[in-house]
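Below you will find the structure I want to go over with you.
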Amino acid sequence: MKDHAWFPIAYMFLITAIPTALLIGLAHYTQPRVDANAQIAFEKAVIMATLPATDPTLRGLALHKLFVERINTQTNAAAGAYRLMDGDAVKAYAIPFAGKGFWDAIKGVIAVAPDRTTVVGFYVYEQSETPGLGAEISQPWFRAQFQNKTLAAGDLPITFRRRGEPLGPHDVETVTGGTQTSVRLERLVNQACDQWRAAMPSGATP
């Protein structure tokens, strides 16, 4: 049988088809868990951005319960933003952002007060930037500096400044050694804020 011309083709097909089928089956089996973990990571980002004083170790059912209790997920009513609620009152808008970082995707949330100007908090929940450099965008010191900043008018609501430069009310400090990450993150955050402000209805807070 090995002398037949079709044997090498059939043999290669079998030794590649079996592992491929196993990998596809494994991916299909684990996908619900992957999706659930991604949802929990997003929920934590929304909570930590809108309620920065929340215990950062909060996770699992306790985190999900807080998200369900406090976050209005009807984003079509707020130009794509999630809303932190206190009864019927909006306490903050959580604006998701996502896009290409230096190495891979960066995903996060920036939260803004009902005045649509004051930044409440900031949280990056997915990134693959260089450890010790660009990956610092996920660290507490980096996200804390966004609190109480104000969004500037125009197409650059938040400006990233190099370390040592004076910081104004619309400025945050970049990550030293993470220039390309900072450039890309600045663009993602500002695009998200610009699009949200342009799409938000004028007048009363929805």
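The values are calculated or read from the model by the stated rules, or taken from the named source; none is laboratory data. Keep in mind the model is a prediction, meaning the values are calculated, not measured. Here the Cβ is made from the backbone with ideal geometry for all residues, glycine too, and neighbour counts use every protein chain on show. Keep in mind that these areas ignore ligands, DNA and RNA; they rest on the heavy atoms of the full protein, side chains included. Shrake-Rupley method; radii C 1.70, N 1.55, O 1.52, S 1.80 Å.
Name, by its number, the condition in (1) under 21 Å from Ala49 (Cα atoms); (2) in a loop (DSSP other than H, G, I, E, B); (3) not polar (S, T, N, Q) that does not hold for Gly132.
Unmet condition: (1).
As an exercise: evaluate Pro96 against (1) outside any loop (DSSP other than H, G, I, E, B); (2) touching a Cys at 6+ places or on another chain (Cβ under 6 Å) and give the number of the one condition it does not meet.
Failed condition: (2).
When you go through Phe142, Phe160, Phe102, Phe122 one by one, which is the residue that is farther than 30 Å from Arg70 by Cα and modelled with pLDDT of 95 or more?
Only one candidate qualifies: Phe160.
Could you check region 144-176 and list, in sequence order, the residues that are surrounded by 20 or more Cβ atoms within 10 Å (Cβ to Cβ) and either touching a residue at least 60 places away in the same chain (Cβ under 8 Å) or hydroxyl-bearing (Ser, Thr, Tyr) (or both)?
Thr174
May I pose another question? Just to be sure, is Ile110 under 14 Å from Thr50 (Cα atoms), in contact (Cβ under 8 Å) with a residue 24 or more places away in the chain, open to solvent by less than 50 Å² (accessible area, probe 1.4 Å) and touching a Cys at 6+ places or on another chain (Cβ under 9 Å)?
Spelling it out, Ile110 is indeed under 14 Å from Thr50 (Cα atoms), in contact (Cβ under 8 Å) with a residue 24 or more places away in the chain, open to solvent by less than 50 Å² (accessible area, probe 1.4 Å) and touching a Cys at 6+ places or on another chain (Cβ under 9 Å).
Being outside any loop (DSSP other than H, G, I, E, B), under 23 Å from Ala79 (Cβ atoms) and charged (D, E, K, R) narrows it down to one of Asp194, Asp155, so name that one.
Exactly one of Asp194, Asp155 is outside any loop (DSSP other than H, G, I, E, B), under 23 Å from Ala79 (Cβ atoms) and charged (D, E, K, R), namely Asp194.
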